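Asker: Take this structure first; my questions come after.
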Amino acid sequence: MFVCPNCNGKNIGKIGARHYYCWNCFIELSVIHNRLAIHQVESDGSLSSLDDLFTENERRIQW
Ligand SMILES: [Zn+2]
């Protein structure tokens, strides 16, 4: 399991084949080509990308 790039926590739950959820900071993490795509779930259920807040290095998964 990897750590959350946002809070460095390990409180990550698997919600799909390539989708994870951080229960600390309530963001959705998708694994795409060994990189994380980070999304915030809005109150209306839509997703907004937080990828711009992280560097390539931070988004690389270190299993
Ligand atoms: Zn987190």
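Throughout, read-outs are computed from the coordinates displayed, never taken from laboratory work. Computed from a predicted model, the values in this text were never measured in an experiment. Counting neighbours? That spans all protein chains shown, and the Cβs are built from the backbone with ideal geometry, glycine included.
Asker: Peptides 53-61, 39-47: what's the order by average Cβ count within 10 Å, highest mean first?
Answerer: Ranked from most to least packed, the peptides come out as 53-61, 39-47.
Asker: Kirkwood hydrodynamic radius, the chain, all distinct C-alpha pairs: what's the number in Å?
Answerer: Radius from the Kirkwood sum: 11.6 Å.
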